[in-house]
Amino acid sequence: MTKKSPCALGVAVLLSWLIAIPGNSWAAPQAAGQHAGEVSRFIPAANIARSGKTIPAAAKTAVNWQDLVNTQVNARVRIALDDGSVLKEGLDSSLKVVRHDAGAQQTELKLTYGKLRTQAQKIAKPDGKFEVRTPAGVAGVVGTDFFVEYANHAMNVIVFEGLVKVCDLGGACVMAKAGQVTGVRGGDHSGPTPPHQATLEQLVDSSNDTIAGAGSGATAAAGAGAHLGIWGTLGIVVGAVGTGLGIGLTRGGPLRSVPGCNPNNPKACG
């Protein structure tokens with residue numbers, strides 16, 4: 001009887017183990033490179049970091065899972081996701097599209113710093129989720145339209161439409177509704193602040209800070225309050241009559257002053 005060497009037996013076992021492993025087990029973590037959407041509008045300069053390379057952001061530039069989208073001072077980027085959701089990244093921001101599975105309605109975004117307004121499609125699947133994470137906490141979609149800012153170890157969330165669940169890293173959560181603002185400070189374990197009414201200035205500024213190529217200040221104000229009833233009306237009225245209410249005004253309506261922004265060219269102001 002012929003005896004097989006221990007080496008041959010080891011190779012046979014290894015080959016059997018390799019064959020038994022499903023093919024998808026070898027895929028890159030979170031399917032890096034899988035299509036998530038594309039840039040639909042932008043104000044230079046912005047770029048996309050992908051697999052060790054830096055790609056200038058331009059109209060129709062693809063955005064994939066695991067891409068890091070960075071904007072510089074005065075830059076803004078609008079990203080159309082595959083499920084119809086829209087991401088509006090503000091100036092001097094860094095956003096990672098960790099995952100966007102349109103079919104499964106599974107979306108995870110990471111805002112390392114800066115500002116982001118999200119207009120998400122309604123979650124219809126029981127296990128669906130659409131989350132924006134920061135180093136301080138997480139905002140999960142229950143409604144569809146909200147703004148997230150992360151700076152100086154704090155996350156602030158303003159809701160434009162529906163409900164948004166805001167949690168700290170310890171799992172303490174609050175529910176904020178349209179027109180409200182809440183926040184989380186990282187590291188102090190105090191939980192999110194109680195949701196309270198956002199000021200008109202907060203609503204308009206958060207909208208202006210994330211609009212790429214707005215037609216005018218009045219348009220920006222209308223966008224800020226499109227789903228807020230009286231707030232939207234007030235935004236338009238303020239832009240029309242030119243009263244401050246603490247908001248920096250430029251010709252055409254309430255646009256926040258941005259370094260290098262020419263009031264006579266609203267598109268340059270985002």
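The values are calculated or read from the model by the stated rules, or taken from the named source; none is laboratory data. Bear in mind that the values here come from a model prediction, so they are computed numbers and not experimental data. A quick note on method: Cβ atoms are made from the backbone with ideal geometry, for glycine too, and the neighbour counts reach across all protein chains shown.
Listed by position, the strands (runs of 3 or more DSSP E) inside segment 32-74 whose residues that are closer than 15 Å to LEU87 by Cβ and among the aliphatic types (A, V, I, L, M) number at least 2 are 35-43, 46-50, 62-64, 67-71. Pairs are defined by a Cβ separation below 6 Å, a sequence spacing of at least 6 or placement on different chains, a first member in segment 179-191 that is more than 16 Å from TYR113 (Cα to Cα), and a second member that is surrounded by 16 or more Cβ atoms within 10 Å (Cβ to Cβ) and hydroxyl-bearing (Ser, Thr, Tyr); the pairs so defined are THR182/THR193. Residues in segment 184-213 that are touching an Asp or Glu at 6+ places or on another chain (Cβ under 9 Å), surrounded by 16 or more Cβ atoms within 10 Å (Cβ to Cβ) and in the same structural domain as ALA139 (by TED's automatic domain parsing): VAL184, ARG185, GLY186, GLY191, PRO192. In segment 126-143, the count of residues that are touching a strand residue (DSSP E or B) at 6+ places or on another chain (Cβ under 7 Å), touching a residue at least 60 places away in the same chain (Cβ under 8 Å) and either farther than 25 Å from VAL39 by Cα or in a strand (DSSP E or B) (or both) is zero.
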